[in-house]
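Below is one structure, written out as structure tokens; the observations come after it.
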Amino acid sequence: MLIDSVWILLALPLAGATINALAGARLGRRATGWIACGAVGLTFVFAVVLFAVLAQRPAEERAVEVTLWRWISVEQLRVDVRLLWDPLSAWMALVVTSVGFLIHVYSAGYMADDARYARYFAFLNGFVFMMLLLVLSSDYILLFVGWEGVGLASYLLIGFWFDRKIAADAGKKAFLLNRIGDFGLLIAIFWLFSLVRTTHFQTLFPQASAIVSQRGAETLNIICLLMLLAATGKSAQIPLYVWLPDAMEGPTPVSALIHAATMVTAGVYMIARSWPLFALSPNALTWVAVIGAATAFLAATIALTQTDLKRILAYSTISQLGYMFLGVGVGAYASGIFHLTTHAFFKALLFLGAGSVMHALHGELDIRRMGGLREKIPTTYRTFLIGAAALAGFPLLSGFFSKDEILWLAWQRSPLLWLVGITTALLTAIYSFRVVFVPFWGDHRGGDAGKKRGKAKQTEAHGDVHESPRVMTTPLIILAVLALFGGLLGLPRLSLIEGWLEPVFHTAEKTHQALEFVFIGLSAVVALTGIYVAYRAYVADTEWPARLRAQFGWLHQLVSNKYYVDEIYTAVIANPLRDLANWFSRVTDGRIIEGLVNGLAAAIGVSGEQVRRAQTGLVGNYALSLLVGAVALVGYFLLR
């Protein structure tokens with residue numbers, strides 16, 4: 001059976017990573033790029049084939065497990081390397097490999113001059129391998145391996161330019177903050193095993209109700225909250241979101257891969273996969289929705305005030321992930337996965353578009369130093385415009401349908417959650433078109449773009465700005481098409497994705513009301529209003545933002561400094577821990593441990609010095625010592 005070959009989805013990117021890691025430097029850049037892109041491209045093709053095979057099966061038979069080998073066998077713990085090919089894992093595999101392939105192709109042009117070209121593609125292939133392992137796992141322990149693997153890959157890629165301290169620090173920040181969340185997932189897995197003696201999905205989930213009846217609902221609620229803690233780390237939600245904006249120090253294609261198709265979507269996927277547990281933990285599910293809504297709003301406000309192009313997009317990702325959490329938190333798991341999918345299209349497009357802008361402006365990222373780029377880099381502008389419109393929820397584009405469905409279902413659960421969501425949608429439309437109007441419209445404002453980053457200077461008139469090569473613009477065009485039409489997968493009343501995922505989530509058919517179309521119209525009005533506000537503020541009346549800053553200076557200062565969350569974390573957590581570590585280093589290690597070791601060494605040295613004095617080199621002394629020893633022995637035996 002062809003589905004039994006699902007392991008090939010893992011083998012191809014792993015083989016690409018291994019070849020480039022071991023021999024990429026000797027193979028040359030062209031061969032390295034072909035191997036890396038080919039590995040992920042073939043993985044996508046094979047995923048499409050397996051998807052089609054699965055689609056031919058009856059809905060109740062669309063869950064196939066493939067056991068490769070026994071991995072762990074310790075007393076009652078039995079863990080097989082077993083892959084699950086069902087509608088959810090198949091869908092996620094398509095998203096990861098399709099978007100991942102386009103980012104690989106783009107990277108071949110973007111990183112063409114980098115000295116560590118082979119290392120980069122080895123890490124990038126490894127990232128795809130680990131994400132596929134995560135979504136294909138049929139067991140929490142194997143999922144945890146992929147979970148940690150994407151964390152390692154993100155650390156390596158965020159800090160890829162490790163010779164820059166800011167990039168190295170960003171990689172460490174991402175790694176350490178995610179360890180906090182990962183601890184929660186690890187405890188949850190241990191706890192589940194202690195209760196039901198298994199971590200296998202198909203065996204564990206049917207026993208979830210038994211956990212509630214035997215141990216009480218609170219036990220399962222705490223386990224789900226621990227999983228939520230893990231998800232807030234990987235998917236950058238309150239309180240562990242602060243690593244993601246700093247992750248922009250990595251290469252731009254890495255930012256696109258992390259934000260669109262791999263690491264940050266892992267938390268949403270894990271909650272969706274664990275829905276049988278969360279469905280029996282309504283309190284935990286409520287917290288998922290509340291944290292998602294709060295994060296969406298908080299990040300959207302910060303994005304309004306940032307001036308670094310990639311950081312604006314980073315806070316946008318945090319906000320959109322909040323929408324996904326809101327979706328799964330109100331029990332709309334298929335809607336959350338739908339928004340995950342459309343977000344992968346338009347956010348990859350926006351980040352790669354930002355990379356194209358950087359390529360044209362020699363590394364410049366400050367949007368205040370840009371302007372008038374739409375005539376200089378027209379392909380980048382048009383595709384970026386489509387991505388921004390999809391992000392803003394422009395009517396009939398992909399983001400409009402996926403975001404609107406979440407908002408409609410949030411209204412049914414809690415009007416307050418809907419109010420936060422619709423307000424965030426307005427802010428999203430404003431900042432989405434701010435990054436269109438400021439860099440691409442108007443006149444050039446930059447002077448010597450790239451001066452801040454030590455790059456080549458650029459003329460006042462953007463004289464040396466040029467469009468990116470075809471290897472970079474082609475992925476932009478493909479992603480723009482997906483951002484335009486991806487919403488057709490989830491049209492109201494005709495949702496293909498909802499029907500496809502129904503065997504996984506067992507969702508009952510929704511009752512559609514006329515009111516739903518009223519909310520669709522309201523979402524369209526909100527999106528268009530936000531776009532109009534952005535046009536007024538950044539094109540028609542460019543002094544308006546300055547007047548607002550003058551009137552609400554304290555508020556702008558608060559938001560532009562990201563509510564001082566990083567500073568609070570540094571003052572309350574990081575610095576005290578650093579001081580404690582220094583104290584242990586100085587007292588425990590420096591005085592106690594080193595004191596004991598040095599004291600023992602000194603005692604041995606003193607005793608050795610005393611013994612050394614007996615070695616005089618005089619024969620008479622040695623003869624005398626022999627005589628004394630002989631007399632002592634004889635006296636001992638005579639007197640005993």
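Failed condition for Gly28, given (1) in contact with a Lys or Arg (Cβ under 8 Å, 6 or more places away or on another chain); (2) at positive phi, with all others met?
(1)
Name the residues in segment 165-180 that are open to solvent by 60 Å² or more (accessible area, probe 1.4 Å) and touching a helix residue (DSSP H, G or I) at 6+ places or on another chain (Cβ under 7 Å), would you?
Those that are open to solvent by 60 Å² or more (accessible area, probe 1.4 Å) and touching a helix residue (DSSP H, G or I) at 6+ places or on another chain (Cβ under 7 Å): Ile166, Phe175, Ile180.
When you go through Arg547, Arg591 one by one, which is the residue that is modelled with pLDDT of 85 or more, out of contact with any Cys (no Cβ under 8 Å at 6 or more places or on another chain) and assigned to a helix (DSSP H, G or I)?
Of Arg547, Arg591, the one residue that is modelled with pLDDT of 85 or more, out of contact with any Cys (no Cβ under 8 Å at 6 or more places or on another chain) and assigned to a helix (DSSP H, G or I) is Arg547.
Consider only pairs whose beta carbons are under 8 Å apart and that are at least six residues apart or on different chains; among these, list those whose first residue lies in segment 360-372 and is outside any loop (DSSP other than H, G, I, E, B) and whose second residue is polar (S, T, N, Q).
That search, which allows pairs on different chains as well, returns Ala360/Thr380; Ala360/Ser468; Asp366/Thr307; Ile367/Thr307; Arg368/Thr307.
If you go through segment 418-428 one residue at a time, do you hit one that is of a type in the set (Ser, Thr, Tyr), surrounded by fewer than 24 Cβ atoms within 10 Å (Cβ to Cβ) and over 17 Å from Gln320 (Cβ atoms)?
No, because not a single residue in segment 418-428 is of a type in the set (Ser, Thr, Tyr), surrounded by fewer than 24 Cβ atoms within 10 Å (Cβ to Cβ) and over 17 Å from Gln320 (Cβ atoms).
So that you can scan it fast, the table gives a plain yes or no per residue for (1) modelled with pLDDT of 80 or more; (2) at negative phi; (3) in contact with a strand residue (DSSP E or B) (Cβ under 6 Å, 6 or more places away or on another chain):
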residue	(1), (2), (3)
Ala483	yes, yes, no
Gly487	yes, yes, no
Gly490	no, yes, no
Arg493	no, no, no
Pro503	yes, yes, no
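Kindly indicate the residue of segment 545-587 that is over 29 Å from Ala429 (Cα atoms) and charged (D, E, K, R) and also least open to solvent (accessible area, probe 1.4 Å) among those meeting that condition.
Asp579
Run Leu277 past the list (1) over 20 Å from Glu148 (Cα atoms); (2) open to solvent by less than 30 Å² (accessible area, probe 1.4 Å); (3) at pLDDT below 90 and report the number of the one that doesn't hold.
(3)
Which residue out of Ala11, Ala36 is small (Gly, Ala, Ser), under 25 Å from the mean Cα position of the chain (by Cα) and surrounded by fewer than 20 Cβ atoms within 10 Å (Cβ to Cβ)?
Answer to the selection: Ala11.
So that you can scan it fast, the table gives a plain yes or no per residue for (1) of a type in the set (Phe, Trp, Tyr); (2) outside any helix (DSSP H, G or I):
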residue: Ala603; (1), (2): no, no
residue: Val611; (1), (2): no, no
residue: Gln615; (1), (2): no, yes
residue: Asn621; (1), (2): no, no
residue: Leu627; (1), (2): no, no
residue: Ala630; (1), (2): no, no
residue: Leu633; (1), (2): no, no
residue: Phe637; (1), (2): yes, no
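Can you tell me which of (1) surrounded by fewer than 18 Cβ atoms within 10 Å (Cβ to Cβ); (2) within 23 Å of the chain's Cα centre (by Cα) is the one Ser194 doesn't meet?
In the conditions (1) surrounded by fewer than 18 Cβ atoms within 10 Å (Cβ to Cβ); (2) within 23 Å of the chain's Cα centre (by Cα), Ser194 misses (2) alone.
If Thr203 satisfies every condition in (1) buried (at least 24 other Cβ atoms within 10 Å of the Cβ); (2) of a type in the set (S, T, N, Q); (3) without any contact (Cβ under 8 Å) to a residue 60 or more places away in the chain but one, which is the exception?
Only one criterion is unmet by Thr203, namely (1).
Go through the residues of segment 400-412 one by one and say whether even a single one is more than 18 Å from Gly331 (Cα to Cα) and either among the aromatic types (Phe, Trp, Tyr) or surrounded by fewer than 22 Cβ atoms within 10 Å (Cβ to Cβ) (or both).
Yes, segment 400-412 contains a residue that is more than 18 Å from Gly331 (Cα to Cα) and either among the aromatic types (Phe, Trp, Tyr) or surrounded by fewer than 22 Cβ atoms within 10 Å (Cβ to Cβ) (or both).
Can you tell me how many residues within segment 517-544 are over 14 Å from Phe400 (Cβ atoms), outside any loop (DSSP other than H, G, I, E, B) and open to solvent by 80 Å² or more (accessible area, probe 1.4 Å)?
Of the residues in segment 517-544, 5 are over 14 Å from Phe400 (Cβ atoms), outside any loop (DSSP other than H, G, I, E, B) and open to solvent by 80 Å² or more (accessible area, probe 1.4 Å).
For the structure I just gave you, tell me whether Gly499 is without any contact (Cβ under 8 Å) to a residue 12 or more places away in the chain and in a helix (DSSP H, G or I).
Against the criterion (without any contact (Cβ under 8 Å) to a residue 12 or more places away in the chain and in a helix (DSSP H, G or I)), Gly499 qualifies.
Which one of Gly336, Gly327, Gly372 is open to solvent by less than 10 Å² (accessible area, probe 1.4 Å), of a type in the set (Gly, Ala, Ser) and in contact with a His (Cβ under 9 Å, 6 or more places away or on another chain)?
Checking each option against the conditions leaves just Gly327.
Residue under question is Val6, and the condition is that it be within 21 Å of Leu136 (Cα to Cα), among the β-branched types (Val, Ile, Thr) and at pLDDT below 90; does it hold?
No; evaluated as a whole, the condition is false for this residue.
How many residues does segment 136-158 hold that are open to solvent by 10 Å² or more (accessible area, probe 1.4 Å) and not in a helix (DSSP H, G or I)?
0
Restricting the search to segment 18-60, which residues are in contact with a Phe, Trp or Tyr (Cβ under 6 Å, 6 or more places away or on another chain) and either aliphatic (A, V, I, L, M) or without any contact (Cβ under 8 Å) to a residue 12 or more places away in the chain (or both)?
Within segment 18-60, Ala36, Val40 meet the criteria.
Please count how many residues of segment 66-117 are under 18 Å from Val48 (Cα atoms) and part of a loop (DSSP other than H, G, I, E, B).
Of the residues in segment 66-117, 1 are under 18 Å from Val48 (Cα atoms) and part of a loop (DSSP other than H, G, I, E, B).
Given the conditions (1) touching a residue at least 24 places away in the same chain (Cβ under 8 Å); (2) open to solvent by 50 Å² or more (accessible area, probe 1.4 Å), and given that Val105 satisfies all but one, which numbered condition is not satisfied?
Against the list (1) touching a residue at least 24 places away in the same chain (Cβ under 8 Å); (2) open to solvent by 50 Å² or more (accessible area, probe 1.4 Å), Val105 comes up short only on (2).
If you check Thr219 against the conditions, is it in a helix (DSSP H, G or I), open to solvent by 10 Å² or more (accessible area, probe 1.4 Å) and touching a residue at least 24 places away in the same chain (Cβ under 8 Å)?
For Thr219, the condition - in a helix (DSSP H, G or I), open to solvent by 10 Å² or more (accessible area, probe 1.4 Å) and touching a residue at least 24 places away in the same chain (Cβ under 8 Å) - is met.
Within segment 240-248, is there a residue that is within 20 Å of Ile406 (Cα to Cα) and either outside any helix (DSSP H, G or I) or of a type in the set (Ser, Thr, Tyr) (or both)?
Within segment 240-248 (the criterion being within 20 Å of Ile406 (Cα to Cα) and either outside any helix (DSSP H, G or I) or of a type in the set (Ser, Thr, Tyr) (or both)), the answer is no, since none of the residues qualifies.
If the Cβ limit is 8 Å and pairs must be 6+ apart or interchain, which residue in segment 410-426 that is of a type in the set (S, T, N, Q) pairs with which residue that is open to solvent by 20 Å² or more (accessible area, probe 1.4 Å)?
Correct list of pairs: Gln412/Val330; Ser414/Val330; Thr423/Phe297; Thr424/Phe297.
The values are calculated or read from the model by the stated rules, or taken from the named source; none is laboratory data. Only a predicted model underlies this, so the values are computations on that prediction, with no experimental measurement involved. Positions of Cβ are generated from backbone atoms using ideal geometry, with glycine treated the same way; all protein chains shown enter the neighbour counts. Surface accessibility is based on the protein's heavy atoms, side chains included, excluding ligands, DNA and RNA. Shrake-Rupley method; radii C 1.70, N 1.55, O 1.52, S 1.80 Å.
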